[in-house]
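Undergrad: Before we start, here is the structure in question, set down as structure tokens.
The values are calculated or read from the model by the stated rules, or taken from the named source; none is laboratory data. Computed from a predicted structure; not experimentally measured. Note: ideal-geometry Cβ built from the backbone for every residue, glycine included; neighbour counts use all protein chains shown. Side chains included, ligands, DNA and RNA excluded: accessible areas come from the protein's heavy atoms. Shrake-Rupley method; radii C 1.70, N 1.55, O 1.52, S 1.80 Å.
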Amino acid sequence: MAVMSTLMFPVRFCRGLFYGVSLFSFACGINVLQLITLPFLSFSRRLSYEFNSGVAGSIWHVMQRIFKSRYKGRITYSGDQLPANESAIVISNHVSTTDVYLIHSVAQAQGMLSYCKYFAKDSLKYIPFFGWGMWIMGMLFIKRNWEKDQTRIMNTFSRFKSISAPVWVVSFLEGSRINASKLAKAQVFAAERGLYVPNNILVPRTKGFIATVQALRDSHVKYVYDLTLAYWHQVRGFCAAPGMVGVHTQCLDGYKFHVHIRRFLIADLPQDDEKLNEWVREIYKDKDSYLEQLKNSWEVSEDFRLEP
Ligand SMILES: *[C@@H]1O[C@H](CO)[C@@H](O)[C@H](O)[C@H]1NC(C)=O
Ligand SMILES: *[C@@H]1O[C@H](CO)[C@@H](O)[C@H](O)[C@H]1NC(C)=O
């Protein structure tokens with residue numbers, strides 16, 4: 001076993017290096033392509049949107065292949081089945097960087113992988129190549145808080161609306177990945193404010209979600225998808241997710257990945273901000289209960305399969 005692990009280390013290191021370098025080069029290449037085509041595509045917003053989404057999607061397709069084919073990550077699904085090519089606001093709990101693979105596996109099966117747009121930290125924009133590419137492809141960068149960035153985000157939504165851009169606006173309402181100390185803080189915060197005290201998620205921040213729904217209410221984006229992501233590992237147990245490096249360096253057959261999907265028509269959601277706030281808090285409460293059940297015994301119903 002000891003020999004095995006000392007042998008495994010250089011193997012994993014080389015794999016990590018290989019995928020790191022190749023994905024980085026791929027991103028650089030795409031970035032150069034984006035920059036070259038920028039002036040030519042500026043005459044058509046739609047064409048520019050399709051092109052830049054497509055090139056970003058090509059990286060994500062490669063990452064999904066690595067996850068599913070190379071490292072045997074197997075994901076099960078339950079809940080509502082989604083129609084293809086449908087734009088939506090997508091909300092999810094946030095456990096790990098691996099969450100994007102789970103979300104993307106759903107997006108890919110629905111033909112929406114290229115159109116996933118995330119709310120991302122503004123600082124990411126300055127990462128050479130990756131960040132620039134994310135900026136060009138229309139990621140929604142948030143500097144500090146919702147109030148400060150509202151105008152910019154509303155402008156991005158107006159652009160989506162004006163060209164009826166196919167889009168999944170993906171947002172992790174908890175704002176950061178869960179861990180033990182953040183959960184403890186969230187529980188204190190919730191108790192102090194008389195909010196529901198969660199055990200498996202953090203307290204959602206609802207302002208951005210409410211504004212997003214209100215901004216897109218009368219647009220081609222007609223649905224909210226609620227995804228609950230769950231992880232299980234044969235040794236580490238519930239909620240243990242591989243990290244970004246782990247996903248690209250090791251076989252994933254010791255993990256179980258599950259996505260529970262719900263689909264809501266925006267027209268059916270409360271109009272009023274305060275009621276919408278209650279609605280989304282209730283959604284997160286349901287998420288917490290769902291995860292609590294899985295924590296006690298990992299019994300997922302595999303309602304359907306998704307193939308890219
Ligand atoms: C989804 O879009 C793709 C590409 O535009 C198209 O080939 C496919 O037929 C569409 N699927 C449905 C069910 O509309
Ligand atoms: C949780 O994350 C925070 C912020 O990234 C970090 O400071 C803290 O040490 C982490 N706690 C645990 C228990 O991992």
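Undergrad: Considering only residues that are open to solvent by 50 Å² or more (accessible area, probe 1.4 Å) and under 25 Å from Asp122 (Cβ atoms), which ones fall in the range 176-187?
TA: Matches in the range 176-187: Arg177, Asn179, Ser181, Lys182, Lys185.
Undergrad: Looking only at the range 35-61, filter to residues that are part of a loop (DSSP other than H, G, I, E, B) and out of contact with any helix residue (DSSP H, G or I) (no Cβ under 7 Å at 6 or more places or on another chain); which one of those is farthest from His258 (Cα to Cα)? Spell out how you get there, then give the answer.
TA: Residues of the range 35-61 that are part of a loop (DSSP other than H, G, I, E, B), as a first pass: 42-44.
Then drop every residue that is not out of contact with any helix residue (DSSP H, G or I) (no Cβ under 7 Å at 6 or more places or on another chain), which leaves 43-44.
Values: Phe43: 43, Ser44: 40 Å.
That would be Phe43.
Undergrad: Is there a residue in the range 255-263 that is at pLDDT 95 or above, of a type in the set (Lys, Arg) and under 19 Å from the mean Cα position of the chain (by Cα)?
TA: For the range 255-263, residues at pLDDT 95 or above, of a type in the set (Lys, Arg) and under 19 Å from the mean Cα position of the chain (by Cα): present.
Undergrad: Only one of these is within 23 Å of Ile261 (Cα to Cα) and open to solvent by less than 10 Å² (accessible area, probe 1.4 Å): Gln81, Gln64. Name it. Working first, answer last.
TA: Numbers: Gln81 fails: open to solvent by less than 10 Å² (accessible area, probe 1.4 Å).
After applying the criteria, what remains is Gln64.
Undergrad: Sort out which residues of the range 147-163 are charged (D, E, K, R) and open to solvent by less than 30 Å² (accessible area, probe 1.4 Å), and write them in order of number. First the steps, then the outcome.
TA: Step one: filter the range 147-163 for residues charged (D, E, K, R), giving 147-149, 152, 159, 161.
Within the range 147-163, just Asp149 meets the criteria.
Undergrad: Same structure, new question: Tally the residues that are within 16 Å of ligand 1 (Cβ to nearest atom) and surrounded by 14 or more Cβ atoms within 10 Å (Cβ to Cβ), restricting the search to the range 164-175.
TA: Step one: filter the range 164-175 for residues within 16 Å of ligand 1 (Cβ to nearest atom), giving 164-168.
Applying the additional criterion that residues be surrounded by 14 or more Cβ atoms within 10 Å (Cβ to Cβ) yields 165-168.
Number of matching residues: 4.
Undergrad: Moving on to the next point. Among the residues of the range 41-61, how many are open to solvent by 30 Å² or more (accessible area, probe 1.4 Å) and under 28 Å from Thr228 (Cβ atoms)?
TA: 2
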